[in-house]
Each structure stands twice: as C-alpha cells, then as structure tokens.
Amino acid sequence: FADLGSPDAASHGMLTLCLAQHDRSGTEMLPFQQLERLWLEPVATGRPADMAAIATIFESSCVGRPIDCLTATPLDLYQITHAVLFATDMGRRSIDLPRERSAFFADIEAALAVALDAENYDLVAELLWLWPMLGEQWSAIALFAFQLIDALCHQLGFLPGPDYRHADEDGLSLTERQQYRARTSYHTTLAMGILCAAILRSPASPEAERIACQPDLDAHTLIAQLSGSTTPRHWLARVGKSQSRIDRALGPLLITAYLRRAVATNDFAAIAFGLEFAVAHELTGCPAVEFARRLIERAGLLSRLIAG
C-alpha cells in the first residue's frame, strides 16, 4: 500500500506481527519461503534488502537444479516461480541465475507444456512472469502461451482458475456469478495482473516480439494421439488448427505433453514412440526427451535385474 502512495497502518501492523510470530513457530522453511521472508522484511522495517543472503539462498534453491517435467508437481513448479518473484522483487532488481540461462528457460518451456496441458492457467501466468522478471527475450513458446491466456482474458474478462467451469454459472444471478468467479479465479487473475505489471516494467514486451515461424514440423500424428486420449485441450487446438504442418518451435510443447501423459500411465510403448518421434524430428534436445530416455534406461536395467 505504501508503494501505491496509500500507506495503511493496519496492514503494516499485521505484516509485522506475522513476521514476528513466525520466529516462534519452529517450522522449517524451504528456500523459496526463506526468500519470501527476506522479501517481506524490508517492507516491514524499511531497511534495505539483504542481497547477499538473497543471492546465497537463491543459488541453493530449486532454481539451480534441472526440472523433471515428466513427474514434477504443480507445487514443484510454483516453488520456482515464487523464488524468482521474491529474489527479483517482482522484476525490480536483477539477480544472477545459478545455472545456465538457456537450460533454465528450456526447463521452464517444458513446465509451460505441463501447465497448458493441465489447463492450469494460474501456473501458466506465473511461469510466464519469469521472462520479464529475469529480463529474458520472449521465446516462441512463451509468446504462444501468453497469447493464449491473453485471448482468454479478453474473451471472459478474467483468467479462469483450475476450478472454474463455465457451465457452473448456468442459473446463477449476477451476484452469485461474480462470487463464483472470485472464488474460483481470483488468484489466477491476480497472477495475470502481476505478469502484466512485470511486462510493463520490462524492455522486452511480447507485443513487440515478432518471431519467424517455420511451419515445417509434421506433427499431426502426435497431435491426433494427444487429441484422442483425453478431453479437448485449448492449447492443442491452437497448435494444430488449419495447417498441414506446424511451427517447429512449438515441437517441444507437443513432445513434452505426450511424454508426460505416457509416463503418467506407465505406457512404455508410448514412451518409446515419443522417443522415436523426437529422434526423427530433431527434438532430442528437449528436457522431456532426456528424462524419458533416462527412464527407459532405468526400466531396462530393472528388467534385467528381475530376470536374473
């Protein structure tokens, strides 16, 4: 509130009390929670942020390790988005990544595939804010995901949360509809607002990006299998609409979603097909492909051990 020019004594008092009482709780904090504490303390005290401590914790956090996008849970991915948000003060200060940038953002693109396929737009928005908060140029996959949720916002007037169902609004009064939307989508819309604020502060705007399209990836076999194995997915319809071939840059989205579904159902024949597709279409550099290869390697070793 103070940053907005409207300081509020009650809110400030609540923050100070929460920070003081947490010291007595004895609960162990994960690195992203420690970063949140270091982010909130200057707000409560007015003292400068302890950047040395922030950098040390950030380096030891999950941000510095590869993401197994085939098995990662939403919580695993939220830890990354929150760690970056707190360490960079929502993009208002720079901080060095504890790993090579291209490898990190390749993992985040794989995480976007996971979030898009789950239609978890709350997580999509949070993953996307990593681009402006870390000062990274927008990639084709990030632009695709941003344009998808931006279109949803324009269509509905808000970004729907994981629990929102349009059919649930049938028969509701205006007040009941507003309450339902707030209950199911308030945090997703808040995440979208934080993303937009970060974009406005960043020199790299998705609206200004023009990434050349290479519609030379013949992936309709994969799209057909993805489309036929579950309820329709909004992102998948946008990838494959009215084109004989799709943009090669979106190939990692498809192979990641396909392999994650195959791993979730322990379908090793599908995993093998996905790996063959990746080799044939030069997608072996995708993180999902490497983790699937390791899984097949472990499964083969286990099979030999069982066989004696």
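The values are calculated or read from the model by the stated rules, or taken from the named source; none is laboratory data. Because the structure is predicted, anything quoted here is derived from the model rather than measured. All Cβ positions, glycine included, derive from the backbone under ideal geometry; neighbour counts span all protein chains shown. Keep in mind that these areas ignore ligands, DNA and RNA; they rest on the heavy atoms of the full protein, side chains included. Shrake-Rupley method; radii C 1.70, N 1.55, O 1.52, S 1.80 Å.
Summary table below
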| quantity | calculated |
| --- | --- |
| In the range 215-234, the residues that are over 18 Å from Val114 (Cα atoms), without any contact (Cβ under 8 Å) to a residue 40 or more places away in the chain and surrounded by 14 or more Cβ atoms within 10 Å (Cβ to Cβ) | His220 |
| Flag for Ser94 being at pLDDT below 95 and in contact with a Gly (Cβ under 9 Å, 6 or more places away or on another chain) | yes |
| Count - residues of the range 90-112 that are of a type outside the set (Gly, Ala, Ser), open to solvent by 30 Å² or more (accessible area, probe 1.4 Å) and out of contact with any Asp or Glu (no Cβ under 6 Å at 6 or more places or on another chain) | 8 |
| Leading residue by the ranking (surrounded by the fewest Cβ atoms within 10 Å (Cβ to Cβ)) among those in the range 26-38 that are modelled with pLDDT of 90 or more and closer than 16 Å to Leu75 by Cβ | Leu30 |
| Positions within the range 113-144 being polar (S, T, N, Q) and either touching a Cys at 6+ places or on another chain (Cβ under 6 Å) or open to solvent by less than 30 Å² (accessible area, probe 1.4 Å) (or both), in sequence order | Asn120, Ser139 |
| Tally of residues being farther than 18 Å from Gly285 by Cα and modelled with pLDDT of 85 or more across the range 236-270 | 14 |
| Selection from the range 29-56 of residues that are of a type in the set (Lys, Arg) and more than 26 Å from the chain's Cα centre (by Cα) | Arg47 |
| Residue list for the range 285-308, restricted to those being more than 13 Å from Ala272 (Cα to Cα) and crowded, with 19+ Cβ neighbours inside 10 Å | Cys286, Pro287 |
| Selection within the range 94-134 - in a loop (DSSP other than H, G, I, E, B) and without any contact (Cβ under 8 Å) to a residue 12 or more places away in the chain | Glu100 |
| Residue pairs meeting the criteria (Cβ under 6 Å; at least 6 apart or on separate chains; first over 17 Å from Ala182 (Cβ atoms) and assigned to a helix (DSSP H, G or I), in the range 137-166; second aliphatic (A, V, I, L, M) and open to solvent by 30 Å² or more (accessible area, probe 1.4 Å)) | Ala140/Ile211; Ala140/Ala249 |
| Candidate set from the range 66-104 (those that are over 12 Å from Val114 (Cβ atoms) and polar (S, T, N, Q)); member that is farthest from the chain's Cα centre (by Cα) | Ser94 |
| Any chance Glu100 is of a type in the set (Asp, Glu) and in contact with a helix residue (DSSP H, G or I) (Cβ under 7 Å, 6 or more places away or on another chain) | no |
| Residue satisfying all of: in the range 262-308; of a type in the set (Val, Ile, Thr) and touching a Leu at 6+ places or on another chain (Cβ under 8 Å); nearest to Thr71 (Cα to Cα) among these | Val263 |
| Residue identified as over 30 Å from His281 (Cα atoms), assigned to a loop (DSSP other than H, G, I, E, B) and not aromatic (Phe, Trp, Tyr) among Pro215, Pro203 | Pro203 |
| Tally of residues being among the small types (Gly, Ala, Ser) and open to solvent by 60 Å² or more (accessible area, probe 1.4 Å) across the range 39-89 | 3 |
| Matching residues, the range 238-272, being over 18 Å from Glu109 (Cα atoms) and open to solvent by 60 Å² or more (accessible area, probe 1.4 Å) | Lys241, Ser242, Gln243, Ser244, Arg245, Ala264, Thr265, Asn266, Asp267, Phe268, Ala269 |
| Matching residues, the range 273-284, being crowded, with 19+ Cβ neighbours inside 10 Å and not hydrophobic (A, V, I, L, M, F, W, C) | Gly274 |
| Residue identified as within 18 Å of Asp117 (Cβ to Cβ), without any contact (Cβ under 8 Å) to a residue 24 or more places away in the chain and in a helix (DSSP H, G or I) among Ala269, Ala237, Ala257, Ala182 | Ala237 |
